[in-house]
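Working notes, structure below.
Nothing in this text is a laboratory measurement; each read-out follows from the coordinates by a stated rule. Predicted model only: the values in this text are computed from it and were never measured. All Cβ positions, glycine included, derive from the backbone under ideal geometry; neighbour counts span all protein chains shown.
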């Protein structure tokens, strides 16, 4: 068993609580399913948002997933780098897994595909 980080990112069009939760949940659902993760394997989840998103904590989305009530989760703001992608929600999920690093499927959705096009192209098995 190894400890691995799984990255994800997505974007929203507006600083709207419902849209932030929906987009965060979509990203988490895909990250969990693409990597065969169960809540018991997760040691922690870190969300960050760009400074233009403050309508709700994206961690709320994690609580909508069955079995995730005991998973520790935190939220923080991203560094406000001029010219960087706005309205972006990022996540780092730390898991215990038997997968090698090259087998991890990082999830980049919507405009966030621009952040890591090299990892957004194909799902690895």
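In table form, for the structure just shown:
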| quantity | calculated |
| --- | --- |
| Out of 37, 49, 71, 45, sole residue that is touching a strand residue (DSSP E or B) at 6+ places or on another chain (Cβ under 9 Å) and in contact (Cβ under 8 Å) with a residue 60 or more places away in the chain | 37 |
| The lone exception for residue 29 - which of (1) more than 22 Å from residue 118 (Cβ to Cβ); (2) under 13 Å from the mean Cα position of the chain (by Cα); (3) in contact (Cβ under 8 Å) with a residue 40 or more places away in the chain it fails | (3) |
